Each structure stands twice: as C-alpha cells, then as structure tokens.
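The values are calculated or read from the model by the stated rules, or taken from the named source; none is laboratory data. The structure displayed is predicted, hence computed values, not measured ones. Here Cβ is always computed from backbone atoms with ideal geometry, including for glycine, and neighbour counts include all displayed protein chains. Just so you know, the surface numbers come from the protein's heavy atoms only, side chains and all, with ligands and any DNA or RNA stripped out. Shrake-Rupley method; radii C 1.70, N 1.55, O 1.52, S 1.80 Å.
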Amino acid sequence: MKIKVLLADDHAIVIEGLKAVLSAHPEIDVCGEAHNGKEVLDFLDTHYADVVVLDINMPIMDGLTCARKIRQKHQRVKIIVLTMYAQKSFIEEMLRIGIDGSLLKSNTGQELKEAIYRVHSGKSYYDMVHTFDDASNTVSQYKLGDREIEIIKLLAEGLTSTEIADKLFIAESTVKTHRRNILRKTELHNTSQLIQFALNQGII
C-alpha cells in the first residue's frame, strides 16, 4: 500500500517542488493538494489521506488552526508542518496540538521523505533541535551525563531504543537502562513528558 500524502501550501510553485521531490519515491502517492486550511479539511471530509504536509502560513485558515481541527475530526491522519520558525515556544505549541512532525522549509528535500515514512509508522519527526542557554544548568541540577543528554535528543527525534542502540553502537539494554535512569533523575514517567521537559529546560 502506498502512503497517501496531501500537500498544502498557498504557493503553487512550492507544491510543485514538493511533488517533484516525492515523485522519486514510488511508495508515496501525492493524492491531493490544497492552498489553505479550509481546502485541507474539505478534502479530508471526502477523500482518504495518510499524511498531511501543511504550510504554517496560509490564507483563510493557517496551518496550526487546521492541524487542531484535523486532530478533532480526523485523528488517524498524521500531520507534518513546514515552517520558517524554530523557536522553542513554537515547538511546544506543535506538541500540545499533537502534530507528528515538523520541517524547516529549508530542509524539505530528502528530509521530507524521511519525515513521511517516520510519522506514517507511528513515530515523530522534528528536525528543529536547538540548544538554549539554560541547558547547562539543567544538566548540572539533574546530574545528567553526556550520554543521557545524547539519548534524550535522539528520543526527541522519534528514535526507538533499538534505533538509538544502532546509531550509538551500544546494546539496546544499555539504552533502556539509560532511559530508566533519565526518568528516575528527572522524576518523569514517560517519553512524552521527557520531551516536554527537555524543551522546557533547553536541552533540545
């Protein structure tokens, strides 16, 4: 089964560029296009799509408003947003909405294909990983080691324990031990809480 993707951007040239990028991947089928958030919702009411790729700045209905409505009406649909913004507060808002992935508009080539595959498989994909000034204070306060910080960042990218183990050339059991230690040190209970904590504390 091909992954059915709906593209939404108010600039026709951007949509054509995205279609050209995705046409090189036979597993992906661009099933439709829209030029504002209302057109996205109208499409989803009458057609099937696995993934919606949304521009944030669109007329009539912007991407974030559209994403909120998709979450209310079409919860199975995965959402990737394209944006020029990378502020921590913006990423936090996307997490609150339940957006599955995000890409800076400067990174919509090979990264878009990878993001579609990842969110379609139930994982998240955020390419906006930034370090803020208060990160060092957090590391000191919670006694987080370099390897633990590295694992937190990879978890924020949506990698599983198995994928992290492969990437770091360590055993999966070692990754799971690090995850338990991180949760214990931060007094958190799951990965979603950990990602929010990492954003708030400036680790990512």
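Mind listing whichever residues of the range 179-199 are under 17 Å from the mean Cα position of the chain (by Cα) and of a type outside the set (A, V, I, L, M)?
Passing the criteria: T191, S192, Q193, Q196, F197.
Which condition from (1) in contact with a Lys or Arg (Cβ under 8 Å, 6 or more places away or on another chain); (2) small (G, A, S); (3) at pLDDT 85 or above is the one that G202 breaks?
(3)
Go through the range 161-204 and give me each residue that's within 18 Å of K123 (Cα to Cα), open to solvent by less than 40 Å² (accessible area, probe 1.4 Å) and part of a loop (DSSP other than H, G, I, E, B).
The answer is I204, and nothing else.
Please list, ordered by first then second residue, the pairs with beta carbon atoms under 7 Å, 6 or more apart or interchain, first in the range 12-24 and within 15 Å of I80 (Cα to Cα), second open to solvent by less than 70 Å² (accessible area, probe 1.4 Å) and among the aromatic types (F, W, Y).
So the pair list comes out empty.
Quick check: is even one residue across the range 53-67 modelled with pLDDT of 95 or more, charged (D, E, K, R) and open to solvent by less than 70 Å² (accessible area, probe 1.4 Å)?
no
Being part of a helix (DSSP H, G or I) and among the acidic types (D, E) is the filter; apply it to the range 138-160 and report the residue that is modelled with the lowest pLDDT.
Residue satisfying both the conditions and the ranking: D146.
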